[in-house]
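The values are calculated or read from the model by the stated rules, or taken from the named source; none is laboratory data. In this text the structure is predicted, and so the values were computed from the model without any measurement. Glycine also receives a Cβ, built like all others from the backbone with ideal geometry; neighbour counts cover every protein chain displayed. In case anyone asks, the SASA skips ligands and DNA or RNA and just uses the protein heavy atoms, side chains included. Shrake-Rupley method; radii C 1.70, N 1.55, O 1.52, S 1.80 Å.
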Amino acid sequence: MDVLAKGFVVTKFSEGKEEFELEVPPGTALLFPSEESVMINDLKERDLKARNLIVLDGTWSKARRMYLENPWLKLLCSHVKLEIEGASLYREVRRQPREGCLSTIESIVYAMKEMGEDTEGLDNMLDVFESMVGDQRRCKDENFVKIL
């Protein structure tokens with residue numbers, strides 16, 4: 001684990017050829033509710049500092065599949081999760097598996113706020129996201145009216 005804490009490189013091969021290489025710098029944490037995850041605000045208590053987050057973007061089932069298909073993710077020194085009360089802004093467009101499940105952008109914003117680094121502008125990202133959700137809801141409603 002000491003070696004991994006200094007960062008590492010992941011190389012993916014497909015059919016014997018290098019598909020891509022990814023440098024994982026020191027201080028990288030996975031934002032995903034795995035069995036090893038701790039609450040993101042508990043990192044400070046454990047004297048750990050996440051400087052980088054890897055976030056799996058997709059539906060909940062696709063994110064879980066990405067996690068399972070990439071065993072190197074389990075090697076990361078820190079797995080963190082959020083505990084958010086309430087519903088996602090995305091709830092009107094997509095079903096969440098359970099309360100507290102968020103869209104990727106919401107997860108990133110809340111995680112960055114918890115990490116306490118440069119938080120300026122994060123609420124603006126949620127405002128833009130909320131506007132997009134409103135547009136999707138209107139399109140959905142308009143299509144429903146056309147069907148009737």
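Using only the Cα atoms of the chain, what are the Rg and Dmax in Å?
Just the Cα atoms of the chain yield Rg and Dmax of 18.0, 62 Å.
What Kirkwood hydrodynamic radius, in Å, does segment 75-148 give when the mean of 1/r is taken over all pairs of distinct Cα atoms and then inverted?
14.1
Can you tell me, using C-alpha contacts under 8 Å and at least 6 residues apart, the relative contact order of segment 9-67 as a whole percent?
This gives 28 percent for segment 9-67.
Once neighbouring chains are kept in place and the probe is 1.4 Å, which whole percent of the accessible area of the chain is contributed by carbon and sulfur?
49
ASP127: accessible area at probe 1.4 Å, nearest 10 Å²?
90
If you count only protein heavy atoms and use a 1.4 Å probe, how large is the accessible surface of MET66, to the nearest 10 Å²?
60
Keeping all protein chains in place, calculate the accessible area per residue for the chain (probe 1.4 angstrom), answer in Å².
For the chain, the per-residue accessible area is 71 Å².
Which whole-Hz couplings ³J(HN,Hα) result when phi for each residue of segment 13-20 is put into the Karplus expression 6.51 cos²θ - 1.76 cosθ + 1.60, θ = phi - 60°, listed in order with x for Gly and Pro?
With the stated coefficients, segment 13-20 comes to 10, 9, 6, x, 10, 5, 8, 6 Hz.
Hey, what did the chain get for relative contact order, percent, Cα under 8 Å, at least 6 apart?
20
Using DSSP to call loops (not H, G, I, E or B), can you name the trypsin sites (Lys or Arg not before Pro) in segment 84-136 whose Cβ has at most 14 other Cβ atoms within 10 angstrom?
ARG94, ARG95, ARG98
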